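Remarks on the structure that follows.
The values are calculated or read from the model by the stated rules, or taken from the named source; none is laboratory data. Just so it is clear, the model here is predicted, and its values are computed rather than measured. Methodologically, a virtual Cβ is constructed for each residue, glycine included, from the backbone with ideal geometry; neighbour enumeration extends over all protein chains shown. These accessible areas exclude ligands, DNA and RNA; they are computed on the full protein's heavy atoms, side chains included. Shrake-Rupley method; radii C 1.70, N 1.55, O 1.52, S 1.80 Å.
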Amino acid sequence: MNVLCCAVCGLRLTEPVRRIDEMPEYPGWDGMPDAEGRRHGPASVPRGVYVVDPLPFGAPFEPCEDEDAYDGIVPGGMWMSDERGSLVSAGPCGTYVLHPLDVADLGLHPDSSRLRGCCGLSPFDGVNRVCSCGAEVAIEASDCSGGYETRLVPDAVRVEAAP
């Protein structure tokens with residue numbers, strides 16, 4: 001079992017969690033509220049585990065180099081397009097994907113442009129959660145537009161053996 005800690009101040013950011021080798025298959029979601037009335041999708045990973053996603057995730061997004069090969073699917077299951085055309089993630093690689101309830105109560109990013117979403121936080125605008133010391137540590141996805149997960153940014157955290 002491990003805990004993930006802030007690389008700046010050492011604060012423990014997670015409950016003890018066990019690493020798994022690959023992302024579980026994402027359960028289907030019908031877009032309806034859950035039993036508690038929340039509208040986010042189902043959790044990407046179960047409680048008590050984490051997985052390292054080697055692919056880029058989230059902002060920034062860059063135009064796809066081969067528009068003909070673009071299929072609308074980008075790493076992390078995110079897609080985006082704008083006036084530049086089809087976009088792919090150029091965000092951090094190696095994010096630690098956790099169930100949001102296994103992560104400490106992190107603060108909201110002080111830049112309100114990173115806090116978009118109608119039912120929760122959207123991962124499309126980059127890091128949106130901070131440690132109590134102010135370090136940018138996580139991307140929370142809790143909006144109705146996608147999965148339900150918290151991704152700790154690899155350069156902002158360190159993995160330690162659980163006490």
*Number of the exception - Arg116 against (1) farther than 16 Å from Arg47 by Cα; (2) within 13 Å of the chain's Cα centre (by Cα); (3) of a type outside the set (A, V, I, L, M)*: (2)
*May I ask you to list pairs of residues, at least six apart or on different chains, whose Cβ atoms are under 9 Å apart, with the first in region 84-109 being at positive phi and without any contact (Cβ under 8 Å) to a residue 24 or more places away in the chain and the second being not in a strand (DSSP E or B) and not basic (Lys, Arg)?*
Gly85/Cys64; Gly85/Glu67; Gly85/Tyr70
*Could you check how many residues of region 149-163 are under 23 Å from Met80 (Cα atoms), part of a strand (DSSP E or B) and either open to solvent by 30 Å² or more (accessible area, probe 1.4 Å) or among the aliphatic types (A, V, I, L, M) (or both)?*
1
*Return the residue satisfying two criteria in turn: it lies in region 96-133 and is in a loop (DSSP other than H, G, I, E, B) and touching a His at 6+ places or on another chain (Cβ under 7 Å), and of such residues it is least open to solvent (accessible area, probe 1.4 Å).*
Asn128
_Matching strands (runs of 3 or more DSSP E) fully within region 24-93 where at least 2 residues are modelled with pLDDT of 70 or more, of a type outside the set (Val, Ile, Thr) and open to solvent by less than 40 Å² (accessible area, probe 1.4 Å)_ = 49-53, 85-89
*What pairs come up if the first residue lies in region 49-77 and is closer than 10 Å to Ala90 by Cβ and of a type in the set (D, E, K, R), the second is modelled with pLDDT of 70 or more and open to solvent by less than 60 Å² (accessible area, probe 1.4 Å), and their beta carbons are under 9 Å apart, counting only those six or more places apart or on different chains?*
Glu62/Leu87; Glu62/Val88; Glu62/Ser89; Glu62/Ala90
